[in-house]
1. Could you tell me which numbered condition residue 94 fails, if it satisfies all but one of (1) under 18 Å from residue 37 (Cα atoms); (2) in contact with a strand residue (DSSP E or B) (Cβ under 6 Å, 6 or more places away or on another chain)?
2. Mind listing just one residue for me: the one in the stretch 92-108 that is more than 15 Å from the chain's Cα centre (by Cα) and modelled with pLDDT under 95 and, of those, farthest from residue 40 (Cα to Cα)?
3. When you scan the stretch 51-71, how many residues do you find that are open to solvent by less than 40 Å² (accessible area, probe 1.4 Å) and not hydrophobic (A, V, I, L, M, F, W, C)?
4. Is it fair to say residue 79 is closer than 25 Å to residue 104 by Cβ, out of contact with any helix residue (DSSP H, G or I) (no Cβ under 7 Å at 6 or more places or on another chain) and of a type outside the set (A, V, I, L, M, F, W, C)?
5. Please go through the stretch 35-50 and pick out each residue that is surrounded by 13 or more Cβ atoms within 10 Å (Cβ to Cβ) and either in a strand (DSSP E or B) or free of Cβ contacts under 8 Å to residues at least 24 places away in the same chain (or both).
6. Of everything in the stretch 84-104, what is over 22 Å from residue 65 (Cα atoms) and not in a strand (DSSP E or B)? Give them in sequence order.
7. So which residues in the stretch 73-87 are open to solvent by less than 60 Å² (accessible area, probe 1.4 Å) and of a type outside the set (D, E, K, R)?
8. Which of the residues belonging to the stretch 9-32 are small (Gly, Ala, Ser), part of a helix (DSSP H, G or I) and closer than 15 Å to residue 53 by Cβ?
Amino acid sequence: MTMTAAPARTVQMRTYQLAPELANDFVAWWQATMPALRARFGFRIPFAWHDRDNALFIWGLEVDGDREAFQAAEQAYNDSPERRALKLPDPAMVKSITSGFAQDALRR
């Protein structure tokens, strides 16, 4: 039996510090907006978690391919009319954002 390597994929993890009083509104907006919009540009969202106790929203974006493929998809998304028109209902919802490329720590 021959084992084949899993297809290359690149994941970016994003952590949003939310304003606690607006966190539920942000999550509702994100759920209604982001998954479908990102999918149109070739992204998958392998996880999205809302930590209510700490007002954190942590999610991942995934594309097939390497970082260059991810960055090309991200550029297409950022340059799109849909992205340019996208606005938070209340800019105070998100206090800060950190992001970085991540690897699955459980893969062997």
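The values are calculated or read from the model by the stated rules, or taken from the named source; none is laboratory data. Please read all numbers here as calculations on a predicted model, not as lab measurements. Cβ: placed from backbone, ideal geometry, glycine included. Neighbour counts: every protein chain shown. For the accessible areas, the whole protein counts, side chains as well, though only heavy atoms, and no ligand, DNA or RNA atoms are used. Shrake-Rupley method; radii C 1.70, N 1.55, O 1.52, S 1.80 Å.
1. (1)
2. Our first condition is that a residue be more than 15 Å from the chain's Cα centre (by Cα); within the stretch 92-108, this holds for 92-93, 95, 104-108.
With modelled with pLDDT under 95 added as a condition, the list becomes 104-108.
Working: 104: 24, 105: 28, 106: 29, 107: 28, 108: 31 Å.
Ranking the candidates gives 108 first.
3. Looking only at that region, the number is 3.
4. On the way: closer than 25 Å to residue 104 by Cβ: no; out of contact with any helix residue (DSSP H, G or I) (no Cβ under 7 Å at 6 or more places or on another chain): yes; of a type outside the set (A, V, I, L, M, F, W, C): yes.
Here the answer is no, as residue 79 does not meet what is asked.
5. Result: 35, 44, 45, 48, 50.
6. Matches in the stretch 84-104: 84, 85, 86, 87, 88, 89, 90, 91, 92, 93.
7. Correct list: 73, 76, 77, 80, 86.
8. Initially, the stretch 9-32 is screened for residues small (Gly, Ala, Ser), giving 19, 23, 28, 32.
Checking the rest, the ones that are also part of a helix (DSSP H, G or I) come to 23, 28, 32.
Result: 23, single match.
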